[in-house]
1. Run down 422, 390, 441 and say which single residue is in the same structural domain as residue 318 (by TED's automatic domain parsing) and not basic (Lys, Arg).
2. Please work out if residue 139 is charged (D, E, K, R), on the phi < 0 side of the Ramachandran plot, modelled with pLDDT of 90 or more and in contact with a helix residue (DSSP H, G or I) (Cβ under 7 Å, 6 or more places away or on another chain).
3. Residue by residue through segment 380-432, note down the ones that are free of Cβ contacts under 8 Å to residues at least 12 places away in the same chain and more than 30 Å from residue 128 (Cβ to Cβ).
4. Is it fair to say residue 290 is outside any strand (DSSP E or B), of a type in the set (A, V, I, L, M, F, W, C) and more than 15 Å from the chain's Cα centre (by Cα)?
5. Which pairs do you get when a residue that is over 20 Å from residue 378 (Cα atoms), found in segment 349-367, comes within reach of a residue that is exposed (fewer than 10 other Cβ atoms within 10 Å of the Cβ) and at pLDDT below 85, reach meaning Cβ atoms under 6 angstrom, with the pair 6+ apart or on two chains?
6. Condition first: β-branched (Val, Ile, Thr) and closer than 19 Å to residue 396 by Cα. Now tell me which residues in segment 437-454 satisfy that.
7. Considering (1) closer than 19 Å to residue 225 by Cα; (2) under 21 Å from the mean Cα position of the chain (by Cα), say which one residue 138 fails and leave the rest.
Amino acid sequence: MTHHRNKIALAALLAAAGAVPAGAVFEDVAAGARQLGLGGQGAGLEDPLSVFANPALPGAIRKFESGAHFTGSHRTTQGPADFSSYGAWASLPRMAYGRMGTLSLAGLYRDDGGLVTEKTILVGWGSSNLKRLDTGLLDFGANFKIMSAAMSAGKDSGMGIGLDLGAAFRPDSSHTVGFSILNLNNPSYKLGELKDNAPRVMRFGVSERRDDYTLSLDLAKRSGSAGRKGNISLTPGVEHLWRTERSGRFFSRFGLNLASGASALSAGLGWKHSASELSYGMAVPLTGMIIPAHSITLALRFGDRDTEGEYARMIKQEIKYRKDLVEALDESARREALLKEELSSLKSEIDSLNGKLKETRDQKAAVAGEKERLASIVRRQEAAEAELKAMSAKRAADRLNHLRYEYSNDWQAYLKLQGGGAPPDVLKGSLQRMIAEFQDAGIDISPATVELQSLLSGK
C-alpha cells in the first residue's frame, strides 16, 4: 500500500514537472527582501542574511540581531518553479578562544507547490578581524547545515549534511570583497524514485558603501541538478538611502539577475527606525511566465541606538555652548573697549592736570589740591589697569577651557569609534587630526598621543 502511494506521489510530481520544470532541492534563492530587491544573494553584501551566501560576512556584526522573512516565487536561480519559504535567523557576536566572531543561527522551511517540502537548520561562525594585512582585513566563516527533504504526498524523505565555506576581504570601511562555496560536499537526496543533489555554488561578490548609497555585484556558478546543467549568473544591484529628521530612514533598491532561464528585474523598499527594519522586495522574470516574486523581511537589532538622534543632541548642546561662549567673549570685548576708552580719557586728564600743576606752581594751596586729585586719578588708573589685566587673563582662561572642551568631545567621539569596531585606518586618521589640531594649544593631549603611538606600533 505504501509503495502504491509513493508511485502516485511520484506520478503527480512528474506530471507537475511536465507542466513546469521542477527545481532542484535547496537552491540558493534570495534569503530576504533586501537580497531579492538587489537582484539576489550577494557574497560581498554586508547584511545578517548574507550568511546564506557567504558565512564570513556576519563576522563584522557587533550587536545581537534577529528577524524573520517570507518569500514566494515561481522562479529559482536555475529556472521555473513554484515555492514559498519561511525563515528566521539570529546573529550573536561572541568571544571564542580569545577572538571575536559572530555565531549565526537560522532555520528555513520551503514548500515546493505542495509536492516537496524542505527544511534547513543552519549553524554558522564568522570571524572578526582575523587577519590584519597591509592592504586590509581578512575574515573566514563556515556554515554547518542539516537539510531534510520530504515528499508531501508520501512518507519518502531524505536528510543530508551541508557545508558552506566563505572568506571576506575588507580593504577599508567602504568596500567588501567576498568569495564562498555553498554546499561544498554536494549532498544527495533520494525521494522514492527521484534522485537529486543540492547544487554546489561558487560565489564571488563585491560591494561599495557610501553615505547615501550601496552598490553590489555578484557572480555565481552553480553545478547541475534536477536534470539541468547548472548555470552562471551575474547580479548587479544599487541601494539608495533617503534620510528623514524624525521618521527614520527609507531605502530604495534595484537589481538585475542575468542567468540562462532565470533572468529577472528586481526592486525593493525598506524602512529603518531605531532598532527595527522592515523591507519588501519584488522580482519580475524577464523570460517565461511573467509572475512576480515577493519577499518581506522584519529585522530587529537589540542594543542598537539612534546614532543620528544622539549626534543631533550633541550638536545642539555644542551650538548652545558656543553661543554662550561667544556672548561671554563679546561682553568681555565690550568691557575691554570701555576700559581702554577710560584709560585714554584718564591719560588725557592727567596730561591736562600736569600742565595746570606747572602753571600753578607758585600757588601752594592750589598745588596741594591738584596733587591730591592727581593721586586719586592715578589710583583709578592703576585700578583700571588691574581690571584690564584680569579681563585679559579671564579671556585666555576661557579660550583654554574651550579648547579642552573641544578636545574632550573629539576624544569621546574617538572612543565611540573604537568601541564600535572601526578599522585601524579610521582610528589613526581621527587621532592624527586630533593631535594636529590641539598639539600647540597648551592643553594635555597625552592620551591621544599614546593611543596613536600604540596603533602605529601595532600593539
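The values are calculated or read from the model by the stated rules, or taken from the named source; none is laboratory data. A quick note: this is a predicted structure, and the numbers were derived from the prediction, not measured. Reconstructed Cβ throughout: ideal geometry from the backbone, glycine too, with neighbour counts over all protein chains shown.
1. Sole residue among the options that is in the same structural domain as residue 318 (by TED's automatic domain parsing) and not basic (Lys, Arg): 390.
2. Yes.
3. Residues satisfying the conditions are 382, 383, 386, 389, 390, 393, 396, 397, 399, 401.
4. Answer is yes for this residue.
5. none
6. First pass over segment 437-454, keeping only residues β-branched (Val, Ile, Thr): 443, 445, 449-450.
Those that are β-branched (Val, Ile, Thr) and closer than 19 Å to residue 396 by Cα: 443, 445.
7. (1)
Yes/no per residue for (1) polar (S, T, N, Q); (2) within 30 Å of residue 458 (Cα to Cα):
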site	(1), (2)
141	no, yes
156	no, no
168	no, yes
178	no, yes
182	no, no
186	yes, no
189	no, no
192	no, no
227	no, no
